[in-house]
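Data first, discussion second: the structure below is written as structure tokens.
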Amino acid sequence: MKAVAIIPARLGSTRLPRKVLREIAGKPMLAYVYDAVYQAAGLAEVLVATDSEEIAALAHERGWSVRMTSSAHRSGTERVHEVAALLAADVYINVQGDEPLARPEHIAALLALFASPEVQVATLKTACSHADVSNPNAVKVVTDVSGRALYFSRAAIPHDRDATGKVRYYKHLGFYAYRRAALDRFVALPESWLERAERLEQLRFLDHGIPIHVAETLYDTIGVDTEEDLKRVEELLRSRG
């Protein structure tokens, strides 16, 4: 199985502009992502997909593979699809450029799911901390007994109606993997109303009946969307040395 990892990266984030180039403990955020993915086993190639000449310049400076892509893309999945059209592989892994706590273990967990030929789309979940249950920037996921996603939401799902305190919450991590057919179908479909309501691109798959298989990982991450997220990541990385 040939697998490639693509890191979509742009400067135009609305909540935290230029975030992938922001320094964390003296190193650009994007460098943490690339270095972690590059260490993962089982990948034929790792590259950055961007519409920014500045990000491309950083990639060239550091010796990373990089592809320029359209500035019209509305999601990381669309950017990954553009690269996939030019790069043959069995599985394409999408690691968002704002995941500086990415680890090789995340890639391994995704790839393991594709041992089954029925898997077309995959992502990750981890146990959700108490603080993140009510945090709309931490997306929650509920899965069925076979590990397929039932729903993703910024709200606290499932709802603990009887306040038992025994409900298990899972946080969705911003890592995806797809076969080419699933990517082709995604970009051909219109934006779904659930996707628009939650601002979560993965809901387009579910809204159109495309299963998303979810692997559990022990390794939580912090997707950086705000200045507060950036400070939390920097504190964690400094504590690790």
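The values are calculated or read from the model by the stated rules, or taken from the named source; none is laboratory data. Predicted, not measured: the structure shown is a model, and the values here were computed from it. Cβ placement follows ideal geometry from the backbone for every residue including glycine, while neighbour counts extend to all protein chains displayed.
Tell me the residue from M29, M68 that is surrounded by fewer than 19 Cβ atoms within 10 Å (Cβ to Cβ) and in contact with a strand residue (DSSP E or B) (Cβ under 8 Å, 6 or more places away or on another chain), please.
None of the others qualify; the one that does is M68.
So which residues in region 158-184 are over 18 Å from the mean Cα position of the chain (by Cα) and surrounded by 17 or more Cβ atoms within 10 Å (Cβ to Cβ), if there are any at all?
Answer for region 158-184, where residues must be over 18 Å from the mean Cα position of the chain (by Cα) and surrounded by 17 or more Cβ atoms within 10 Å (Cβ to Cβ): just Y169.
(1) touching a strand residue (DSSP E or B) at 6+ places or on another chain (Cβ under 8 Å); (2) within 26 Å of R180 (Cβ to Cβ); (3) surrounded by 13 or more Cβ atoms within 10 Å (Cβ to Cβ); (4) modelled with pLDDT of 95 or more: which one isn't true of L58, the others all being true?
Unmet condition: (2).
Going through region 202-235 one residue at a time, which ones are under 20 Å from A109 (Cα atoms) and in contact with a helix residue (DSSP H, G or I) (Cβ under 6 Å, 6 or more places away or on another chain)?
I212, H213, A215, T217, Y219, I222
Any residue in region 204-227 that is part of a strand (DSSP E or B), of a type in the set (F, W, Y) and at pLDDT 95 or above?
No, that holds for no residue.
Applying the selection to region 148-171, what residues are part of a loop (DSSP other than H, G, I, E, B), touching a residue at least 24 places away in the same chain (Cβ under 8 Å) and more than 16 Å from E201 (Cα to Cα)?
Once the filter is applied, which keeps residues that are part of a loop (DSSP other than H, G, I, E, B), touching a residue at least 24 places away in the same chain (Cβ under 8 Å) and more than 16 Å from E201 (Cα to Cα), region 148-171 yields R168, Y169.
Please determine, by comparing only the residues of region 16-50 that are of a type in the set (D, E, K, R) and modelled with pLDDT of 95 or more, which one is nearest to L111 (Cα to Cα).
E45
Are any residues in region 133-150 of a type outside the set (G, A, S), surrounded by fewer than 22 Cβ atoms within 10 Å (Cβ to Cβ), over 22 Å from E228 (Cβ atoms) and in contact with a strand residue (DSSP E or B) (Cβ under 8 Å, 6 or more places away or on another chain), and if so, which ones?
Correct list: V142, T143, D144, R148, L150.
Of all residues in region 218-234, how many are of a type in the set (A, V, I, L, M), within 15 Å of G174 (Cα to Cα) and in contact with a strand residue (DSSP E or B) (Cβ under 9 Å, 6 or more places away or on another chain)?
The number of residues fulfilling the criteria is 2.
Among the residues of region 115-132, what is the count of those that are within 26 Å of I222 (Cβ to Cβ), buried (at least 17 other Cβ atoms within 10 Å of the Cβ) and either touching a Cys at 6+ places or on another chain (Cβ under 8 Å) or at pLDDT 95 or above (or both)?
Summing the residues that are within 26 Å of I222 (Cβ to Cβ), buried (at least 17 other Cβ atoms within 10 Å of the Cβ) and either touching a Cys at 6+ places or on another chain (Cβ under 8 Å) or at pLDDT 95 or above (or both) in region 115-132 gives 7.
In region 172-196, how many are assigned to a loop (DSSP other than H, G, I, E, B) and either in contact with a Lys or Arg (Cβ under 7 Å, 6 or more places away or on another chain) or among the basic types (K, R) (or both)?
The number of residues fulfilling the criteria is 4.
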